[in-house]
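Starting off with a structure, shown below.
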Amino acid sequence: MATELDSAELIFGKADKAEVFLDNIQFLGVNKTKEDALIKESSELFKSTNLDELVKNAGICAKHLQEVGLLGDCIPYIDVSPNYKHGYIVRFVSKDVKNFEMQCKTQMSSSGSEVEGLGSFAAPSYNGRGNSMGASVSGTLKREYSFDFHYNKPLLGWKRYENVGIAIGTPVTYRDWNCARLSEIFTSIYYSNRRFLKREIDLGLRTNISLRKLLSNSNAPFPIRDQSGYTMKSSIEGSLTIDRRDRPLLAKQGTFSRCSLELAGLLGDAAFVKGQVDLQASAPFPFGTILSASLRGIHVQPSSNKKLHLLDSAYLGGPHDVRGFQFNSIGTRADKACLGGGTAIANVYHIYRPILTKDSLYLHGFTTFASVARVNSKAKLHELIDGLRVSAGFGLTYVWDNMIRFELNFVRPLRYTPGDAVNDNKIQFSVGMDFL
């Protein structure tokens, strides 16, 4: 052991001056992954000019091979080459990803209000070049169900974080806030770049085509029944995201910003421009306390003199954004149904104090401000101020393995308008990954 320590001390602090000639690269434990894919990912190692750079690049390469889905666990080892002076060999000890994966589980639905059963099948890197595909089927006790298929192809290369893919789905969901049921068939083709302009900017581009059928309940008000039936939407979406948080579900410090724009109207009935901005900032405070503020703004402008469909309107409300109100219930109302609006803004302030476990369980206090203005309103600012909703509360927040977040809150609406669907029980429970 002492000999190994002495050997390490001989090169400590000198690796950046040590000459390097990379003799070859070896992949051990790899069977189905294609050679051309491995060459694309690792050929940059031959450009290393010194030992320090070779060590860093080998680590970067091993991490990237796992992130793009080419290999499973991947560990780089560097050894001297017997063939050349200053020669080295890089060996990656790894294993292929699984041929296929199947799972059945229960989870919370996207609305966070229903438990759904999920069965899925996936074939990661089925062709040995990182391409993956999968299918899933899910359903809830409210007779909501969905069948989805996706195909994803990574664009391989050194430090390249780009993907293209396609998603097809046939979801059927019950929209309580609209007193209606929605069935849909959609296709999306997407491109993503997690290092846009070689910076920490996530670029997303997507084209969507969907055929939608809205079926109103027997007790739905006329504005809902009037918009029932088939509609077709084709749109192009673009988004830019900068995430500098230390963790996504409950950040101790850092900032997050995302802006997105959707243009609809190339084909079909829907024609609008929709923009959304999400901002978040967190900072540590004395005694382990965390202060956080979030802002969301949505604006939808119908185009081509067409009426904005309620499926494309802006909505707020629910335990994930405006706590104390029912899900997507803030906006223009008709009896017990919500029609949404054209402009929506929500602002939430949080204070967290860890208890028992440092990074999992928190005492949580919050105040929310939100408002929604009608589509084509002539006095949007006045309407947003006049229709301001305010709620406040406290409770417990639990983050499980940085994968999912649970909230149990006592919350009370402090300001609301007549007809608002407030949470009567004062206790709100929510599960999910996207919280304001």
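Does anyone have the angle between helix 51-67 and the longest principal axis of the chain? Alpha-carbon axes, 0 to 90°, nearest 10?
Helix 51-67 and the main axis of the chain meet at about 40 degrees.
For region 149-161, what does the Karplus curve 6.51 cos²θ - 1.76 cosθ + 1.60, with θ = phi - 60°, yield as ³J(HN,Hα) per residue in whole Hz, taken in order and with x for Gly and Pro?
Going residue by residue, I get 9, 9, 9, 9, 10, x, 8, 6, x, 4, 6, 9, 10 Hz, with x marking Gly and Pro.
Could you give the length gained on full extension between ASN127 and ILE60, defined as 0.36 nm per residue of separation minus the Cα-Cα distance, in nm?
Extra length from ASN127 to ILE60 when fully extended: 21.8 nm.
Suppose R0 equals 22 Å; then what is the FRET efficiency for ASN50 and LYS198 from their Cβ-Cβ distance, rounded to the nearest 0.05?
The calculated FRET efficiency here is 0.45.
Name the residues whose placed amide hydrogens come within less than 5 Å of the amide hydrogen of PHE27, ignoring near sequence neighbours (fewer than 5 apart) on the same chain.
Those lying under 5 Å, H to H, from PHE27 are PHE92.
Mind listing which chymotrypsin sites (Phe, Trp or Tyr not before Pro) in region 387-430 are in a DSSP loop and have 12 or fewer other Cβ atoms within 10 Å?
none
Helix 2-11: angle to the longest alpha-carbon principal axis of the chain, degrees 0 to 90, nearest 10?
The answer is roughly 80 degrees.
Take the alpha-carbon centre of region 135-181, take the same for region 34-57, and report the distance between them in whole Å.
36 Å
Report, ordered by chain and residue number, the lysines lying within cross-link reach of LYS306, taken as a straight Cα distance under 20 Å and ignoring same-chain residues fewer than 8 apart.
The qualifying lysines are LYS213, LYS233, LYS274, LYS378, LYS380.
Subtract the Cα-Cα distance of ARG244 and LYS159 from 0.36 nm times their separation in residues, and report this length gain in nm to one decimal.
The ARG244-LYS159 span can extend by a further 28.7 nm.
I would also like to ask the following. Pull out the extension gain between ILE209 and MET403, defined as 0.36 nm times the separation in residues minus the alpha carbon to alpha carbon distance; nm, one decimal.
Answer, rounded to one decimal: 66.8 nm.
Related question: What order, most packed first, do the peptides 312-322, 252-262 have when packing is the mean number of other Cβ atoms within 10 Å of each residue?
In decreasing order of mean packing, 312-322, 252-262 become 312-322, 252-262.
I've got another one for you. So what's the back-of-envelope 222 nm ellipticity for the chain, counting only DSSP H runs of four-plus at -39500 (n - 2.57) apiece and dividing by all residues, rounded to 500?
-3000 deg cm²/dmol
Using a Förster distance of 51 angstrom, determine the FRET efficiency expected from the C-beta separation of LYS336 and LYS34, and round it to 0.05.
Computed FRET efficiency for LYS336 and LYS34 comes out at 0.35.
Report which label in [x] 26.1; [y] 20.6; [z] 25.0 holds the value of mean projected area of the Cα convex hull in nm² derived from the coordinates of this structure.
Label [x] holds the value from this structure.
State the antiparallel share, in %, of DSSP beta bridges confined to the chain, rounding to the nearest 5.
Bridges in the chain that DSSP calls antiparallel: roughly 95 percent.
Looking only at region 8-96, where both bridge partners belong to it, what percent of the DSSP beta bridges are antiparallel (to the nearest 5)?
Once the DSSP bridges in region 8-96 are tallied, antiparallel ones form about 55 percent.
Additional query: Each residue of region 324-337 in turn: what ³J(HN,Hα) in whole Hz from Karplus with 6.51, -1.76, 1.60 and θ = phi - 60°, glycine and Pro shown as x?
x, 10, 6, 4, 6, 9, 8, x, 4, 10, 9, 6, 8, 9
Sticking with this one: What distance in nm lies between label points placed 7 Å from Cα along the C-beta direction at LEU263 and LEU291?
Reported label-point gap for LEU263 and LEU291 is 4.1 nm.
Amide H neighbours of TYR161 under 5 Å, at least 5 residues apart or on other chains, H built in the peptide plane: list them.
Placed amide hydrogens put ARG194, ARG195 under 5 Å from TYR161.
Treating only the Cβ atoms of Lys and Arg (+1) and Asp and Glu (-1) as charged, compute the dipole magnitude of the chain about its Cα centre; round to the nearest 20 debye.
The dipole magnitude comes to about 1200 debye.
In whole Hz, what ³J(HN,Hα) sequence does region 390-406 give by Karplus (6.51, -1.76, 1.60; θ = phi - 60°), x for Gly and Pro?
Listing the rounded values in order: 9, 9, 8, x, 8, x, 10, 10, 10, 10, 9, 6, 6, 10, 8, 10, 10 Hz.
Name the residue from ALA373, VAL277, SER146 whose Cα lies farthest towards the positive end of the charge dipole of the chain, charges +1 on Cβ of Lys and Arg and -1 on Cβ of Asp and Glu.
With unit charges placed on the Cβ atoms, the residue in question is ALA373.
Please get the size of the charge dipole for region 250-325, origin at its Cα centre, with Cβ charges of +1 on Lys and Arg and -1 on Asp and Glu, quoted in debye to the nearest 20.
120 debye
Still on this model: Run the quick spin-label model on SER360 and PHE222: label points 7 Å from Cα toward the beta carbon, then report their separation in nm to one decimal.
5.6 nm
Bear in mind these aren't lab numbers, they're just calculated from the coordinates by the rules spelled out. Keep in mind that this is a model prediction, so the values were computed, not measured. Here Cβ is always computed from backbone atoms with ideal geometry, including for glycine, and neighbour counts include all displayed protein chains.
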